Amino acid sequence: MSAPSGIKVPPSLTSAFSTAQNGGDSVRALVFIIEGESFKHHTTIDPKGNYTDDIALLAETLPSPKTPASFAYRLDSKDGFRYEWMMVTFVPDDAGVRAKMLQASSRSGLLKALGAANFKHDWFATSINDLTPAALTAHLKHLASPPPLSASEAALAEVREAEAAEAKRAALDPQVAVNRKKAVVGLGGKMSLGDGVVDALKKVAQRSDDGWVVVFEIPASNTGAISLTTSEACIPSQLASKVPPKSPSYVFYSYPTPPAPAKPSTTSASAGDSSAPRNTFQASEGGVRIAPTTWQPKTTAVDEPTKTDEPAEKEDGAASAGTDEETPAPTPSKGRVLFIYCCPSSSPVKFRMIYSTSVRGMQQDAADQAGVEIIAKLETSDPSDLTESHLKSSLPPSKPTHSSSLPTPSKPPIFGAPAPSSSNTGSSASANASANAFGGAFGRPRPVTQPIRSATQIPLPASGSATPIGGEPSSSGNGNGDGEGDSKENIRRAFDAFGPRVNSPGGGGGAGFARPRPAGRR
């Protein structure tokens, strides 16, 4: 890109060009040359023939063959209601260096002043021989020719032209698109399922002890349909003999699957016996083990069972019997289904294309209409490759379905609580009472069973001869004989000497006194 030279374009040039545009076919070309520091409108050329012949008139208007110049040349073609124009820049090779530099660097300024959108073409000539009808024709032909393309670019351009022509044809005639869709319905389109296809897919979707094979083919008469050819039991070693050796096919094979292990019964052996303890769990070995807990219901009479328990036992037995009778039949489990696409090498090309483009549609139809869960997909061109070892290696690794040998109890025992004994129910009741008196099990809030009392309301134990034994006369001589006076006096004396009593038995702990702290110490 050349730098601007500073050559100015006077308003007279722009007005002359506007007049020529509006003048119609009365002007063929405008000649501009550089004089001093600006462009100058040198002359105007009138048309004498067509635009290819009139190009020879440009060289005659120059002051000399070595003078650089610019021509606004009118063509015979129209864009709307106006003629199209072309800018011709003439810089001869034998011109002066300064003149060539000024003309070349001022070309863009002249185009901008006159309006670059007003010119359809821009031609650069370096010799008088370039200003001829033959040279102009060759230049315009070069501009109209397509750009040079590589082989891949040319093929892509042909594809785009064909697509554009097909889209235009489909827009003009919608029936063409309908006929084309019918012609390629079998090439990956929606497949119609024949008789017995859905039932065979439902059969192969279920678990099989020995294996079950289902083979489908696409008939040559109707490439948009699926027909059933084989549906029978088959062990893995015989699968290769069930697949057609010379024609493509879709094969669904339910691999032999053993029945699922029965779930362990959650009903306890002593469910009908209300006397059995409820805080037990059954382990794999060792029978029933009692889990200690303090959440035992408080019973008033433990020696003789109440009469209301017998009807409850009968009701529990009847409920368990009814539950066993109303157990629904187990639903059939899903099988391990392998999808095999077999396409022999000797198959026709047409059927190879049809089968390969319909694989995904066949798998989707099997899953949607029959609930088939495909765990592995295989492709082969020779049925003999479907050996038992190959099928077994294609299966995904199975996940363990067994549970732990020791099931988690529904209510875990509370840590730190005493274990109740079934032989001695009275000791269990006393243990529960003592647990409630001293705060219950570990982690539970300590219940307040007794009101908090002051130190004057709690009697002290005997301490030597100073405390009289109950029944002897007191030293105060009141004659009551119960030692109440001495007891109250001792309590007041101990309170004054040692301080208030803390950790009273009503709070669940031991007894003691708090000594008064010396002054000035913390």
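It is to be established whether one or more residues within the range 118-132 are under 60 Å from the mean Cα position of the chain (by Cα), under 24 Å from S18 (Cα atoms), modelled with pLDDT under 85 and surrounded by fewer than 17 Cβ atoms within 10 Å (Cβ to Cβ).
Restricting attention to the range 118-132, the residues satisfying the condition of being under 60 Å from the mean Cα position of the chain (by Cα) are 118-123.
Keeping just the survivors that are under 24 Å from S18 (Cα atoms) gives 118-123.
Then drop every residue that is not modelled with pLDDT under 85, which leaves 121.
Still in the running and surrounded by fewer than 17 Cβ atoms within 10 Å (Cβ to Cβ): 121.
Looking for residues that are under 60 Å from the mean Cα position of the chain (by Cα), under 24 Å from S18 (Cα atoms), modelled with pLDDT under 85 and surrounded by fewer than 17 Cβ atoms within 10 Å (Cβ to Cβ), one finds at least one in the range 118-132, hence yes.
Restricting attention to the range 345-371, the residues that are in contact (Cβ under 8 Å) with a residue 40 or more places away in the chain and not in a helix (DSSP H, G or I) total 4. Within the range 69-81, can you find the residues that are assigned to a strand (DSSP E or B) and either hydroxyl-bearing (S, T, Y) or open to solvent by 50 Å² or more (accessible area, probe 1.4 Å) (or both)? Scanning the range 69-81 gives S70, Y73, D76, S77, K78, D79.
Checked against (1) open to solvent by 40 Å² or more (accessible area, probe 1.4 Å); (2) closer than 21 Å to L131 by Cβ, E84 passes all but a single condition, namely (1).
Please tell me if F119 is touching a Phe, Trp or Tyr at 6+ places or on another chain (Cβ under 7 Å) and not β-branched (V, I, T).
Details: touching a Phe, Trp or Tyr at 6+ places or on another chain (Cβ under 7 Å): yes; not β-branched (V, I, T): yes.
For F119, the condition - touching a Phe, Trp or Tyr at 6+ places or on another chain (Cβ under 7 Å) and not β-branched (V, I, T) - is met.
Can S249 be described as open to solvent by less than 10 Å² (accessible area, probe 1.4 Å), in contact (Cβ under 8 Å) with a residue 60 or more places away in the chain and on the phi < 0 side of the Ramachandran plot?
yes
So which residues in the range 163-182 are of a type in the set (D, E, K, R) and either in contact with a Lys or Arg (Cβ under 8 Å, 6 or more places away or on another chain) or modelled with pLDDT under 70 (or both), if there are any at all?
Of all residues in the range 163-182, those of a type in the set (D, E, K, R) come to 163, 166, 168-169, 173, 180-182.
Passing the criteria: R180, K181, K182.
Screening L57 with (1) within 60 Å of the chain's Cα centre (by Cα); (2) closer than 23 Å to S127 by Cα; (3) without any contact (Cβ under 8 Å) to a residue 40 or more places away in the chain gives one miss only, at (1).
The values are calculated or read from the model by the stated rules, or taken from the named source; none is laboratory data. The structure presented is a predicted model; accordingly, all values stated were derived computationally and were not measured. All Cβ positions, glycine included, derive from the backbone under ideal geometry; neighbour counts span all protein chains shown. Keep in mind that these areas ignore ligands, DNA and RNA; they rest on the heavy atoms of the full protein, side chains included. Shrake-Rupley method; radii C 1.70, N 1.55, O 1.52, S 1.80 Å.
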